[in-house]
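See structure below.
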Amino acid sequence: MRPLTLNPDRLLPADPTTRAIARELYATVADLPIISPHGHTDPAWFAGDAPWSNATELLLAPDHYLYRMLYSQGVSLDALCVPDKRGVPATDPRAAWRTFAENYHLFRGTPSRMWLDHAFSTVFALDVALEAASADLYFDRIGEALATPAFRPRALFERFGIELLATTEGADDPLEHHAAIRRSGWQGRVVTTYRPDSVIDAEHEAFRPALARFAELTGEDVESWSGYLTAHRKRRADFRAAGATATDHGFATAQTANLSAAESEALFGRIIAGTADGADAELFRAQMLTEMAKMSVEDGMTMQIHPGSYRNHNAGLFASYGRDKGADIPSRTDYVRALKPMLDVVGTERDLTIILFTLDESTYARELAPLAGHYPCLKLGPAWWFHDSPEGMRRFREMTTETAGFYNTVGFNDDTRAFLSIPARHDVARRIDCGWLARLVAEHRLEDWEAAELAYELTNGLVRKAYGLETPVAKKAAA
Amino acid sequence: MRPLTLNPDRLLPADPTTRAIARELYATVADLPIISPHGHTDPAWFAGDAPWSNATELLLAPDHYLYRMLYSQGVSLDALCVPDKRGVPATDPRAAWRTFAENYHLFRGTPSRMWLDHAFSTVFALDVALEAASADLYFDRIGEALATPAFRPRALFERFGIELLATTEGADDPLEHHAAIRRSGWQGRVVTTYRPDSVIDAEHEAFRPALARFAELTGEDVESWSGYLTAHRKRRADFRAAGATATDHGFATAQTANLSAAESEALFGRIIAGTADGADAELFRAQMLTEMAKMSVEDGMTMQIHPGSYRNHNAGLFASYGRDKGADIPSRTDYVRALKPMLDVVGTERDLTIILFTLDESTYARELAPLAGHYPCLKLGPAWWFHDSPEGMRRFREMTTETAGFYNTVGFNDDTRAFLSIPARHDVARRIDCGWLARLVAEHRLEDWEAAELAYELTNGLVRKAYGLETPVAKKAAA
Amino acid sequence: MRPLTLNPDRLLPADPTTRAIARELYATVADLPIISPHGHTDPAWFAGDAPWSNATELLLAPDHYLYRMLYSQGVSLDALCVPDKRGVPATDPRAAWRTFAENYHLFRGTPSRMWLDHAFSTVFALDVALEAASADLYFDRIGEALATPAFRPRALFERFGIELLATTEGADDPLEHHAAIRRSGWQGRVVTTYRPDSVIDAEHEAFRPALARFAELTGEDVESWSGYLTAHRKRRADFRAAGATATDHGFATAQTANLSAAESEALFGRIIAGTADGADAELFRAQMLTEMAKMSVEDGMTMQIHPGSYRNHNAGLFASYGRDKGADIPSRTDYVRALKPMLDVVGTERDLTIILFTLDESTYARELAPLAGHYPCLKLGPAWWFHDSPEGMRRFREMTTETAGFYNTVGFNDDTRAFLSIPARHDVARRIDCGWLARLVAEHRLEDWEAAELAYELTNGLVRKAYGLETPVAKKAAA
């Protein structure tokens, strides 16, 4: 079996001059707390603090980065214990893990490989590489560890040095796990995020049931335009009470609209009546982005927009397995025209923060950096999803810094449901950002002390500011 | 206060082998004259040679790169002495400068920071960095210097080693400052450029008044199609008499058209009658690009096309402050289909030069380099506007050289209204180009003597050729 | 005259640490056999093994990379012996070569320059650089060499270490040269590729005559939908008998369709009747991509899709010289929506291989890597055409590896009609890939032994697998 080691200089630029600068910068941020303001971990883990069962259930079956790659090479999702619409397949978790181990070479050069090796080494103290020969050793060692108290969710949360972890819940979510966390007296700061997509997107397969729960949770007549808006306001307040400082919105496009109240009401009427066509559905999503922005002006919540993913592209897979099965594909995304209607309404607000994400890197230098380098309310989210990777982060900095600067960006967020990868992901971001800063210093475009200040900002400073983690949102809204 | 120094190796690649080659190449071009064939400085400065008043008025208030960034972080334009539609605000210039100094960290990693530091150090001999603590020192020192003869426009022009500086004037401009420069006997070569956008774009807010002045200046019936075209020919001649060798055209798209004479005349009729819709306005701009190209075939003027900016994106700001306030945002630009109608007419002309610019870097390798690497009349302008930056220039060379080569590019132009940044901008271009050449040499893709030849071409040779600065345009037209 | 030498470290990264790793990796693959699964050399060369006549006819006149650049700088195609519609111009080949030599500096920084220098040095043992002064020496030396047996096509094929060379023929091609090669007993493995564009694209100027030959060669009623499909099946079998393991399809877009049998038949009826409009023609191409994919499921042939070129952009040139004269320009290409109809039909097939190429690099990270990193049937072809260059290959790896990994790519293919450039092109790819792997090792993102495995895969392993060169296609189809 081959050894597994993490080189202390990994991901730092190869040139010795630049690497030496990067190494010094990285040392100043390596151990700073992890602030994770946007992600998809399950709050039930922290509410119940139950142990995870085994390597496959924890690391493989829920990770779409992993099973999409294996699927692309002919491995069936069943063989990986990925549940289909009827539930978890009969596959033995150990057999699934062996399949993964045999194919681990597929991940060479991918961030998944780095995240996993980081977790294997630092969380489970494994010192041999994952391959067919070590598959059982891994499965056993991880399984044994998970059965011990030190590997329960809260213990790992603390061990990882997480200062704050945001999860994401729908507008129809009762937030009971968050309530349980608070009731438990545990001090770990796990907060929620308001993600109302399923009650806004009339083309979402769960739109009607989500709307019904939305009505139930708020006691509002959500089939009237004013009741529907009030229900959003109520739920935003519920979410803020559960620690939320932000909302999140993920549609196929970034289209916004600026309709009159009467037009909005009429449009909403068609949505509720079920007479809306595709263009109406798009227009309603567009208008609701603007409505959400207006509510953020009122209540101080930071707004995140994650557009540009063509969801459930694989028709056959969607039919059998449902959504979120690694078949979401980015597509070309326009921001300049799409955001204008919303910006005409809220663009010059100085106390509003709207964080833009993209899966279309051609917009970094062309649209996003110029927009964020002008509009007071706009900030750039970090390299996202497929671009949450060393090369992706490097391109993000190279293509945004010169026009938007550093201070119109918001630090890193991991956007993950893979809890054990969180330290690794933040570590990758810190290393790549320090490498970029080091390059600027080595090329005499930045002084060393400026780079040190920026390394802190990119790790902890900017994220606190962008997500209102310094000034509690409640105060802002009250002010 | 922190020291301000310019490292002699700044912007050269960090790898020692490559840096050594780049340093040698740079030494051969560092002191070559500045040829600035496209820009937006005010010819009145050189006509009147009056002293500038203070740092804010000279360096801050007119520079959209600076105030857009400050505005993006919540600073009002009023606080920066940027004039609104009613004129310059009451803000004290010193207070504005202090605001700028306090926020100078926002520019870390941006080209503005490098341009400014270069000017502070080399023009004003400042040796401490700009920050809150040095704001007054800067304001005083710059103000004192500007009051001396050595800092008047003509003196700086000469000190900067400028061989030629082109300004840009509208088709309705009387060119009186250029006339005054020539009458004065001063030998500095300041020429104009023909930019007829406001008499071509029926959607421009100044279209009708510009057209009226166009008629007045030419004595033509500009409301008839033939009179309108004749007026253009007359004004192009006026501009050539004021030294112009080039025209410039900046619309939202690169669309061209190839209408028959009858169709053009009918379309123009609708424009003049005020019955044209948006599609007509676009078609007219498109047709006029082709008309301008045909006139360039006649009179030898180099044609520049600067498309792809969504102007005045911020509706609120436009209402209060008017155009050119840092709210122009690039958008996706098509060239392949858009330019075809014009290229069907003039594409194979060997004595015509059309220089293409872009704000959409995804077109460099995909469209622009393949077009310029084929059509005799097409050349590629340098990295433009938001991309006039170290990373932007590097991407330009990496994405165009392999298909278009070096000889289908036209050297650098600064495109600036910030006169004091001109030496800095040309210096950045020389350093980045030498770094790129050095990389090719270090990777044995180019011989060292070839790189030296190219360093000269990219600095002085190609620009002279592309803008007809070797053979006077008048001769060409006569020939 | 200046010396011509090929530095052994050419194209390897300049940083000494990285270069040392790259050098070791390259040494392991430098001499591996050349597998060229996609190209456009003339099978008649290998069938007849006649000597080439001179440098111009062999190297200059057929190479669109060369004459497009010269044309862009005002050299006429006539002056380069490029045939127009009436045939080869009267220009003396030696004069054409001199023109080329005088303008050789135009190719600085381009891959053509590297390919040519490699051929000059390694094939013809020339040791001075090409320039005006050496033009005749080159012309003479190359001409003398070509007259000797060692420089005949088959001898060079063997000297180049080519294991397999695929040519490309139309559906209406009788494949007589391939038959002659097989009859000759020569052991060089030259195979064909099925490229049915001209019998599918109703807008192709040769559609009707191609269709007539298609009917003649198959004996089918190709004007009935079922006869037409049967004719394709027959010809695919003919091509497999001539060694083909792959098909190839090159339309302006990647659009696919998924029509019912009745809709397809009706559409085909309009195509044949000549009543189809542009939309019909596009829809028919789209549907035929899906039909070809379905036939590939049946017969095991690998399918290649090369979309995104705007063919014959220069109207004047097309009128005089016809197609393929360096006037094809890439344009923006969509894959996510375009491929979905076909993927709905065959996307989850594990034994099907569809190789996607692009001229639009903005799709690498955004669309192609995510698609290939998910769908079992999709693989990514190497950097293509204008991007078959050091920077193009580097961008390809940087933008695809993190999402698609290495194992969803298919190694290099040269796609060339310039036979003498084949070793140079493969050498460039090996060097750049080793440089990329070396960077991953230097940044501790990959172990050295993994990089060595991958260097082999990228050179020989993956191409054999993707093009079915391990398991003969016939067996697959029978199984």
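Is there a residue being part of a helix (DSSP H, G or I), open to solvent by 30 Å² or more (accessible area, probe 1.4 Å) and closer than 30 Å to residue C:437 by Cβ anywhere in the stretch A:88-99?
The answer is yes, given that some residue of the stretch A:88-99 is part of a helix (DSSP H, G or I), open to solvent by 30 Å² or more (accessible area, probe 1.4 Å) and closer than 30 Å to residue C:437 by Cβ.
For residue C:158, state whether it is more than 18 Å from the chain's Cα centre (by Cα) and modelled with pLDDT of 95 or more. Please lay out each step first, then the result.
On the way: more than 18 Å from the chain's Cα centre (by Cα): yes; modelled with pLDDT of 95 or more: yes.
Answer is yes for this residue.
Over 20 Å from residue C:40 (Cα atoms) and not hydrophobic (A, V, I, L, M, F, W, C), is that true of residue C:68?
It is false that residue C:68 is over 20 Å from residue C:40 (Cα atoms) and not hydrophobic (A, V, I, L, M, F, W, C).
If residue B:254 satisfies every condition in (1) touching a helix residue (DSSP H, G or I) at 6+ places or on another chain (Cβ under 7 Å); (2) open to solvent by less than 20 Å² (accessible area, probe 1.4 Å) but one, which is the exception?
Condition (1) is where residue B:254 drops out.
Okay, residues lined up against (1) within 14 Å of chain B (Cβ to nearest Cβ); (2) closer than 18 Å to residue C:168 by Cβ; (3) touching a Phe, Trp or Tyr at 6+ places or on another chain (Cβ under 7 Å); (4) among the aliphatic types (A, V, I, L, M):
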residue: C:281; (1), (2), (3), (4): no, no, no, yes
residue: C:287; (1), (2), (3), (4): no, no, no, no
residue: C:290; (1), (2), (3), (4): no, no, no, no
residue: C:297; (1), (2), (3), (4): no, no, no, yes
residue: C:305; (1), (2), (3), (4): no, yes, yes, yes
residue: C:309; (1), (2), (3), (4): yes, yes, no, no
residue: C:315; (1), (2), (3), (4): yes, no, no, yes
residue: C:318; (1), (2), (3), (4): yes, no, no, no
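Being within 14 Å of chain B (Cβ to nearest Cβ), in contact with a helix residue (DSSP H, G or I) (Cβ under 9 Å, 6 or more places away or on another chain) and of a type outside the set (Phe, Trp, Tyr), is that true of even one residue in the stretch C:371-387?
The answer is yes, given that some residue of the stretch C:371-387 is within 14 Å of chain B (Cβ to nearest Cβ), in contact with a helix residue (DSSP H, G or I) (Cβ under 9 Å, 6 or more places away or on another chain) and of a type outside the set (Phe, Trp, Tyr).
Based on this model, can you work out whether residue C:360 counts as facing another protein chain (nearest Cβ under 7 Å), on the phi < 0 side of the Ramachandran plot and in a helix (DSSP H, G or I)? Walk me through how you get there before you give the answer.
Values: facing another protein chain (nearest Cβ under 7 Å): yes; on the phi < 0 side of the Ramachandran plot: yes; in a helix (DSSP H, G or I): no.
For residue C:360, the condition - facing another protein chain (nearest Cβ under 7 Å), on the phi < 0 side of the Ramachandran plot and in a helix (DSSP H, G or I) - is not met.
Consider residue A:146 carefully, then state whether it is surrounded by 16 or more Cβ atoms within 10 Å (Cβ to Cβ), over 22 Å from residue A:39 (Cα atoms) and in contact (Cβ under 8 Å) with a residue 60 or more places away in the chain. Outline the logic, then answer.
Details: surrounded by 16 or more Cβ atoms within 10 Å (Cβ to Cβ): yes; over 22 Å from residue A:39 (Cα atoms): yes; in contact (Cβ under 8 Å) with a residue 60 or more places away in the chain: yes.
Taking the combined requirement at face value, the residue satisfies it.
Does the stretch C:100-115 hold any residues that are small (Gly, Ala, Ser), in a helix (DSSP H, G or I) and under 17 Å from residue C:68 (Cβ atoms), and which are they? Can you show your working first?
First, pick out the residues of the stretch C:100-115 that are small (Gly, Ala, Ser): C:101, C:109, C:112.
From the residues that got through so far, the ones that are in a helix (DSSP H, G or I) too are C:101, C:112.
Result: C:112, single match.
When residues of the stretch B:219-245 are filtered for being assigned to a helix (DSSP H, G or I), of a type in the set (A, V, I, L, M) and buried (at least 21 other Cβ atoms within 10 Å of the Cβ), how many remain?
Start the filter on the stretch B:219-245 by keeping residues that are assigned to a helix (DSSP H, G or I), which leaves B:225-241.
Now narrow it down to the ones that are of a type in the set (A, V, I, L, M): B:229, B:231, B:237, B:241.
With buried (at least 21 other Cβ atoms within 10 Å of the Cβ) added as a condition, the list becomes B:231.
Of the residues in the stretch B:219-245, 1 are assigned to a helix (DSSP H, G or I), of a type in the set (A, V, I, L, M) and buried (at least 21 other Cβ atoms within 10 Å of the Cβ).
Working only within the stretch B:268-304, note down all residues that are free of Cβ contacts under 8 Å to residues at least 60 places away in the same chain, out of contact with any Leu (no Cβ under 7 Å at 6 or more places or on another chain), closer than 30 Å to residue B:368 by Cα and open to solvent by less than 30 Å² (accessible area, probe 1.4 Å).
So the first thing to find is which residues in the stretch B:268-304 are free of Cβ contacts under 8 Å to residues at least 60 places away in the same chain, and the list is B:268-270, B:272-275, B:277, B:279, B:282-283, B:286-287, B:289-290, B:294, B:296-297, B:303.
Cutting the leftovers down to out of contact with any Leu (no Cβ under 7 Å at 6 or more places or on another chain) gives us B:268-270, B:272-275, B:277, B:279, B:282, B:286, B:289-290, B:294, B:303.
So of that shortlist, the ones also closer than 30 Å to residue B:368 by Cα come out as B:279, B:282, B:286, B:289-290, B:294, B:303.
Within the stretch B:268-304, B:286, B:289, B:290, B:303 qualify.
Against the conditions (1) at pLDDT below 95; (2) out of contact with any helix residue (DSSP H, G or I) (no Cβ under 9 Å at 6 or more places or on another chain); (3) outside the structural domain of residue C:109 (by TED's automatic domain parsing), where does residue C:1 fall short? Just the number, please.
If we test residue C:1 against (1) at pLDDT below 95; (2) out of contact with any helix residue (DSSP H, G or I) (no Cβ under 9 Å at 6 or more places or on another chain); (3) outside the structural domain of residue C:109 (by TED's automatic domain parsing), just (2) comes out false.
Can you tell me which residues in the stretch B:404-415 are open to solvent by 10 Å² or more (accessible area, probe 1.4 Å) and in contact with a Leu (Cβ under 9 Å, 6 or more places away or on another chain)?
Those that are open to solvent by 10 Å² or more (accessible area, probe 1.4 Å) and in contact with a Leu (Cβ under 9 Å, 6 or more places away or on another chain): B:407, B:412.
Filtering the stretch C:74-87 down to residues that are away from chain B (no Cβ under 14 Å) and either surrounded by fewer than 23 Cβ atoms within 10 Å (Cβ to Cβ) or among the β-branched types (Val, Ile, Thr) (or both), which residue is farthest from the chain's Cα centre (by Cα)?
Among those residues, the one meeting the criterion is C:86.
Residue by residue through the stretch C:430-441, note down the ones that are more than 22 Å from the chain's Cα centre (by Cα) and touching a residue at least 24 places away in the same chain (Cβ under 8 Å). Don't jump to the end; show me each part of the working.
Initial filter on the stretch C:430-441 (more than 22 Å from the chain's Cα centre (by Cα)): C:435-441.
The answer is C:435, C:436, C:437, C:438, C:439, C:441.
Out of B:429, B:442, B:424, B:418, which single residue is within 11 Å of chain C (Cβ to nearest Cβ) and either surrounded by fewer than 23 Cβ atoms within 10 Å (Cβ to Cβ) or of a type outside the set (Phe, Trp, Tyr) (or both)? If you could, list the steps in order and put the result at the bottom.
Values: B:429 fails: within 11 Å of chain C (Cβ to nearest Cβ); B:424 fails: within 11 Å of chain C (Cβ to nearest Cβ); B:418 fails: within 11 Å of chain C (Cβ to nearest Cβ).
Sole residue among the options that is within 11 Å of chain C (Cβ to nearest Cβ) and either surrounded by fewer than 23 Cβ atoms within 10 Å (Cβ to Cβ) or of a type outside the set (Phe, Trp, Tyr) (or both): B:442.
Give me the helices (runs of 4 or more DSSP H) completely within the stretch A:1-73, filtered to those with at least 1 residues that are open to solvent by less than 50 Å² (accessible area, probe 1.4 Å), under 17 Å from residue A:431 (Cβ atoms) and among the polar types (S, T, N, Q), ordered by residue number. Give the steps one after another, and end with the answer.
Working: elements: A:16-29, A:43-48, A:64-72.
Here the list reads A:16-29.
Can you name every one of the helices (runs of 4 or more DSSP H) wholly within the stretch A:124-218 that holds 1 or more residues which are in the same structural domain as residue A:418 (by TED's automatic domain parsing) and over 30 Å from residue A:463 (Cβ atoms)? Before the answer, list the steps.
On the way: elements: A:135-146, A:153-159, A:176-184, A:197-200, A:207-218.
Because the criterion is at least 1 residues that are in the same structural domain as residue A:418 (by TED's automatic domain parsing) and over 30 Å from residue A:463 (Cβ atoms), the helices (runs of 4 or more DSSP H) in the stretch A:124-218 that meet it are A:207-218.
Does the stretch A:101-134 hold any residues that are over 26 Å from residue C:437 (Cβ atoms) and open to solvent by less than 20 Å² (accessible area, probe 1.4 Å), and which are they?
A:123, A:124
Among the residues of the stretch A:44-56, is there at least one that is on the phi > 0 side of the Ramachandran plot and of a type in the set (Asp, Glu)? Let's see the steps before the verdict.
Taking the stretch A:44-56 and keeping what is on the phi > 0 side of the Ramachandran plot, we get A:49.
Still in the running and of a type in the set (Asp, Glu): A:49.
Yes, there is a match, as at least one residue in the stretch A:44-56 is on the phi > 0 side of the Ramachandran plot and of a type in the set (Asp, Glu).
State whether the residues of the stretch B:348-363 include one that is at pLDDT 95 or above, aromatic (Phe, Trp, Tyr) and open to solvent by 10 Å² or more (accessible area, probe 1.4 Å).
no
Would you confirm whether or not the stretch A:394-402 contains a residue that is in a loop (DSSP other than H, G, I, E, B), within 14 Å of chain C (Cβ to nearest Cβ) and crowded, with 23+ Cβ neighbours inside 10 Å?
So in the stretch A:394-402, the residues in a loop (DSSP other than H, G, I, E, B) come out as none.
No, the stretch A:394-402 contains no residue that is in a loop (DSSP other than H, G, I, E, B), within 14 Å of chain C (Cβ to nearest Cβ) and crowded, with 23+ Cβ neighbours inside 10 Å.
Residue B:248 passes all but one of (1) acidic (Asp, Glu); (2) crowded, with 20+ Cβ neighbours inside 10 Å; (3) assigned to a helix (DSSP H, G or I); which number fails?
Of everything listed in (1) acidic (Asp, Glu); (2) crowded, with 20+ Cβ neighbours inside 10 Å; (3) assigned to a helix (DSSP H, G or I), residue B:248 misses just condition (3).
Just the residues that are surrounded by 22 or more Cβ atoms within 10 Å (Cβ to Cβ) and over 28 Å from residue A:333 (Cα atoms), please, taken from the stretch B:331-345.
B:342, B:343
Here are some residues: A:157, A:139. Which one is of a type outside the set (S, T, N, Q), crowded, with 21+ Cβ neighbours inside 10 Å and in contact with a strand residue (DSSP E or B) (Cβ under 9 Å, 6 or more places away or on another chain)?
Going through A:157, A:139 in turn, the sole match is A:157.
Given (1) modelled with pLDDT under 95; (2) of a type in the set (Lys, Arg); (3) over 30 Å from residue A:81 (Cβ atoms), identify the lone condition not met by residue A:285.
(1)
Taking the options A:414, A:427, name whichever one is in contact (Cβ under 8 Å) with a residue 40 or more places away in the chain and within 27 Å of residue A:301 (Cβ to Cβ). I'd like the intermediate steps shown before the answer.
Details: A:427 fails: within 27 Å of residue A:301 (Cβ to Cβ).
Selected residue: A:414, the only one of A:414, A:427 that is in contact (Cβ under 8 Å) with a residue 40 or more places away in the chain and within 27 Å of residue A:301 (Cβ to Cβ).
Looking only at the stretch A:74-87, count how many residues are out of contact with any Phe, Trp or Tyr (no Cβ under 7 Å at 6 or more places or on another chain) and either touching a residue at least 12 places away in the same chain (Cβ under 8 Å) or not in a loop (DSSP other than H, G, I, E, B) (or both). If you could, list the steps in order and put the result at the bottom.
To start, the set of residues in the stretch A:74-87 that are out of contact with any Phe, Trp or Tyr (no Cβ under 7 Å at 6 or more places or on another chain) comprises A:74-76, A:78-79, A:81, A:83, A:86-87.
Narrowing further to those that are either touching a residue at least 12 places away in the same chain (Cβ under 8 Å) or not in a loop (DSSP other than H, G, I, E, B) (or both): A:75, A:78-79, A:81, A:83, A:87.
Residues in the stretch A:74-87 being out of contact with any Phe, Trp or Tyr (no Cβ under 7 Å at 6 or more places or on another chain) and either touching a residue at least 12 places away in the same chain (Cβ under 8 Å) or not in a loop (DSSP other than H, G, I, E, B) (or both): 6 in total.
The values are calculated or read from the model by the stated rules, or taken from the named source; none is laboratory data. No experiment lies behind these values; they were computed from the predicted model shown. In this analysis, Cβ positions are derived from the backbone assuming ideal geometry, glycine residues included, and neighbour counts consider all displayed protein chains. Accessible surface is based on the protein model in full, side chains and every heavy atom, while ligands, DNA and RNA are left aside. Shrake-Rupley method; radii C 1.70, N 1.55, O 1.52, S 1.80 Å.
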